[in-house]
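Visitor: Dumping the structure here so I can ask a few things about it.
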Amino acid sequence: MADLHRLLTKQLVRATRPDRSVDLDMLCQMVSLSYQEEERDRKRIDRANLLMAEEIDAAHRHLERLIETLQVQNTRFEAALENMSQGLCMFDKDRRMVVCNRRYLDMFKLQGVDLVGQSLAEVTRHGCCALSAGAEGDCLASEAYLTLALSPTRGMLQHDCPDGRVFIIAHEPLPDGGFVHTFDDITAWRAANAKMARMASHDALTDLPNRLLLRERLDFALTHRASGHSCALLCLDLDRFKAVNDSLGHPAGDALLQQVTQRLRQLVRGTDTVARLGGDEFAILLDNLSPSTKVEELAERLVSAIEQPFDLDGQTANIGVSIGIAIAPRDGNDSLALIKAADLALYDAKAAGRGCFSFFDAGMDTAAQGRRRLEIDLRRALKEDEFQLYYQPLMNVGAQNVSGFEALLRWNCPRRGMVQPDVFIPMAEELGLIVPMGDWVLRRACLDAMQWPGELMLAVNVSAKQFLQGGALIESVQAALRVSGLPAERLELEITETVLMDNTHATIDTLYRLRELGVHIVMDDFGIGYSSLAYLRSFPFDKVKIDKSFVQEIEHKSDAMAIVRAVSGLCSSLGIASTAEGVETSEQLRLVTAEDCTEVQGYLFSRPIPGADIPRLLERLALPLPVTPALPQPLTPLPNSAHIERRSTRRVAAKPSECAPDVQPQPLQQPH
Ligand code: C2E
Ligand code: MG
Ligand code: MG
């Protein structure tokens, strides 16, 4: 049989069995079946092919979508990579560069260099100038960087480049054995941080360490002091700085502080700390002093250096410095104790007249506690209304009568008894309490004065601290006059030279504004300050009160007499009234009267007395005056007025206590 299809062959064999004749029908049937079978197979194959083609098509479409997505992702990734603020590079497991971004190339100045495929060693050789540990141009990557790059675990490194830049390098190992490095340039951040740290520990104007840093250095010095060595802390406060600041302006004040800084620095060792604590306060820490060091010699040099005039853009400023000194371990062995001790010593130096230095001693602590108690009592006194006004008469020499009264503040303290103003006024000034106290004095005194007969003057003392609040003082005076109804012309405000020393321009302005109200301005305690004559010229005072220290020595000291004469003479020529304060004896009275003082005040006539005793005192002083032998004509007593004795050599013996409730005015002296 010819080479037939095996299925046909099989059918023919079945249809042509030897035992049977050829059954054609059957053969045809079987062939037809074969065709049918074959057709089914073909159809199945066609369907399968169709399905396969569809699947391939779908897979193709999916692949295309995948490629598209990957392309988008790639673009995004590239955009992200190129726009990263960090530099980035990736190495494969063989330490060959796979990718790096533009920032990386910029950071290492490698623009245009094709790094992909290069080994870590080659790459670092290109970028080594920044990554090297040595000087710029040394092309060896730092050991620390290479160690990081070879590490199997993630890590970080802060790298200080020789060109001044600082990088944070992060190392991230990858699962395939490669790694990624990111580079953060923190140069600007670190500089800003360093600046902030400096600002937190240094004074902006002088660039000196501030209080915080001084404390730190003091703590360090105290704990690391060599045995047998000591540390010294000097607290400095500039004298009269405020006057310069106020009169020449703040830029001049700033320049002055900078010049002071230079002078202080020049006088100490490089290892010592000069600090500015704020305002016009400085401190010097002298570290590890050997027993032979003489701190007082440095203190003396500091005082005299600051006393030298300062040139502020052509203007001369004269200031001084007060210094408090504490030594460790003698005066304290921790920073707080030492600062407190130096502060107390500074307080002492200031109280001693400024322009000097004081070493701390234990007594200062006790004194400070006393001051603290006084402060507590004083604050309470203001709330509890424990203040009282006493009045001392002012005697007019020409008219021979009481011209007015000076209001003098007293503190009736339940614990201390009657306290004199010399004790509490400086503290009240220090605490700022003098402002509400002064306000109270003005109101009370003006109300009291309205009860007095006639047109008697009222003198009220005003503190320099009240002048610092210029506008508030004027308002306080206006309110006191308004509420009491006292005519402004009857009010005299007594100020001392310190008022003018503290704040020249503003003070003179306030004085003129007060004068415009109609009140009189009196210079009190004249002669004990600094450049008295200059102050007299700075404002046209209505009256000058010659300080009692001159009057009390007038009998025995020729210089006291010369000063009284000079001042009263000056006042006469300037047309200003003059009052001799503290007249206690008839002889003093005779001498000041002979020198043409227009007014006198003193125990000879009366001590300060409570306001309620004024009518009795006026009656008492209205007694006719005895005739004094030295005068050619007897004095005519004035009706209803006090008369003063013109000549007497007897002194007042005992001084009655002004605190006695029924105080008696001092009787006028009997002539010899
Ligand atoms: P001051 O204004 O110079 O007052 C005169 C002081 O001399 C008063 O002392 C007075 O008692 C005292 N005195 C008067 N005559 C004589 C005398 O013959 N001999 C002696 N040894 N002293 C005499 P006081 O009352 O103790 O006041 C002292 C200072 O306290 C006052 O000196 C004044 O600067 C201040 N002061 C008093 N009251 C006030 C006030 O209300 N406000 C302010 N800011 N200061 C006041
Ligand atoms: Mg006075
Ligand atoms: Mg006085």
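The values are calculated or read from the model by the stated rules, or taken from the named source; none is laboratory data. Computed from a prediction, not measured in an experiment: that's the story for all the values here. Glycine also receives a Cβ, built like all others from the backbone with ideal geometry; neighbour counts cover every protein chain displayed. SASA here: full protein model, heavy atoms, side chains in, ligands and nucleic acids out. Shrake-Rupley method; radii C 1.70, N 1.55, O 1.52, S 1.80 Å.
Visitor: Helix 250-267 versus the longest principal axis of the chain: what is the Cα-based angle in degrees, 0 to 90, to the nearest 10?
Guide: Taking the Cα atoms of the chain, the angle to 250-267 is about 80 degrees.
Visitor: In addition: Nearest 10 degrees is fine. How inclined is helix 211-223 to the longest principal axis of the chain, computing both from alpha carbons?
Guide: Helix 211-223 sits at roughly 90 degrees to that axis.
Visitor: I'd like the antiparallel share, as a percent to the nearest 5, of DSSP beta bridges with both residues in the chain.
Guide: The answer is about 75 percent antiparallel.
Visitor: Then there's this: Hey, got the dipole for the chain? About the Cα centre, +1 on K and R Cβ, -1 on D and E Cβ, debye to the nearest 20?
Guide: 860
Visitor: In the neighborhood of Glu599, defined by Cβ-to-Cβ distances under 9 Å, what is the net charge if each Lys or Arg adds +1 and each Asp or Glu adds -1?
Guide: My count for the surroundings of Glu599 gives +2.
Visitor: Considering the options Asn333, Leu174, Phe539, tell which one lies farthest towards the positive end of the dipole of the chain, charges being +1 on Lys and Arg and -1 on Asp and Glu at the Cβ, about the Cα centre.
Guide: Selected residue: Asn333.
Visitor: Can you compute 3J(HN,Hα) from phi for each residue in region 436-445, using the Karplus curve 6.51 cos²θ - 1.76 cosθ + 1.60 with θ = phi - 60°, rounded to whole Hz and x for Gly and Pro?
Guide: Karplus-based 3J(HN,Hα) across region 436-445 equals x, 5, x, 4, 4, 4, 4, 5, 4, 5 Hz.
Visitor: Rolling a 1.4 angstrom probe over the protein chains, ignoring ligands and nucleic acids, what is the accessible area of Cys161 in square angstrom, nearest 10?
Guide: 10
Visitor: Determine the alpha carbon to alpha carbon distance for each of Lys294/Lys350; Lys294/Lys340; Lys340/Lys383; Lys383/Lys543; Lys242/Lys340; Lys383/Lys545 and list only those over 27 Å.
Guide: Result: Lys340/Lys383; Lys383/Lys543; Lys383/Lys545 exceed 27 Å.
Visitor: Mind giving me the FRET efficiency for Cys28 and Asp57? R0 is 45 Å, r the Cβ-Cβ distance, nearest 0.05 is fine.
Guide: That gives a FRET efficiency of 0.60.
Visitor: Work out from phi, with θ = phi - 60° and the Karplus expression 6.51 cos²θ - 1.76 cosθ + 1.60, the ³J(HN,Hα) of each residue of region 278-283, listed in order in whole Hz, and give x for Gly and Pro.
Guide: For region 278-283, the Karplus curve yields x, x, 9, 9, 10, 9 Hz.
Visitor: Separate question: Quick one: which residues, 5 or more positions from Leu408 or on another chain, have an amide H under 5 Å from its amide H? H modelled 1.01 Å from N in the peptide plane, none for Pro or chain starts.
Guide: Sorted by chain and number, the residues that satisfy this are Tyr390, Tyr391, Gln392.
Visitor: Rounded to the nearest percent, how much of the accessible area of region 242-328 (1.4 Å probe, protein heavy atoms only) is carbon and sulfur?
Guide: Its accessible area is 45 percent carbon and sulfur atoms.
Visitor: Taking the dipole about the Cα centre of the chain, with the C-beta of Lys and Arg at +1 and of Asp and Glu at -1, give me whichever of Trp452, Ala204, Ser568 is farthest to the positive side.
Guide: Farthest towards the positive end: Trp452.
Visitor: Now for a different question. Given a 1.4 angstrom probe, what's the average accessible area per residue across the chain, in square angstrom?
Guide: 52
Visitor: If I take every Cα pair under 8 Å that is 6 or more residues apart in the chain, average their sequence separation and divide by the length, what percent do I get for the relative contact order?
Guide: 7
Visitor: Roughly what angle does helix 6-15 make with the longest principal axis of the chain, taking Cα atoms, 0 to 90 degrees, to the nearest 10?
Guide: 40
Visitor: Report the net charge of residues surrounding Thr273, where surrounding means a beta-carbon distance below 9 angstrom and charges are Lys +1, Arg +1, Asp -1, Glu -1.
Guide: That works out to -1.
Visitor: Multiply the residue separation of Ala594 and Val116 by 0.36 nm, subtract the distance between their alpha-carbon atoms, and state the gained length in nm to one decimal.
Guide: Between Ala594 and Val116, full extension yields 161.0 nm more.
Visitor: Name the shape class, rounded, prolate or oblate, that the alpha-carbon gyration tensor gives for region 180-249, where a ≥ b ≥ c are the square roots of its eigenvalues, rounded holds for a/c under 1.5, and otherwise prolate holds if a/b is larger than b/c and oblate otherwise.
Guide: Oblate, since a/c reaches 1.5 and b/c is not below a/b.
Visitor: Within region 152-190, list the trypsin sites (Lys or Arg not before Pro) lying in a DSSP loop whose Cβ has at most 16 other Cβ atoms in a 10 Å radius.
Guide: In loop regions of region 152-190 (DSSP not H, G, I, E or B), the sparsely surrounded trypsin sites (Lys or Arg not before Pro) are Arg154, Arg165.
Visitor: Could you list which residues have their amide H under 5 Å from that of Val419, counting only those 5 or more apart in sequence or on another chain, with H placed in the peptide plane?
Guide: Trp411, Asn412, Cys413
Visitor: Tell me the GluC sites (Glu not before Pro) within region 454-516 that lie in a loop according to DSSP and have at most 13 other beta-carbon atoms within 10 Å.
Guide: Answer by residue number: Glu455.
Visitor: Would you grab the residues whose amide H sits under 5 Å from the one on Leu174? Only those 5+ places off in sequence or on another chain, please, with H modelled 1.01 Å from N.
Guide: Answer set, sorted by chain and number: Phe179, Val180.
Visitor: Test of understanding: what is the full-extension gain from Val180 to Arg415, defined as 0.36 nm times their sequence separation minus their Cα-Cα distance?
Guide: 76.5 nm
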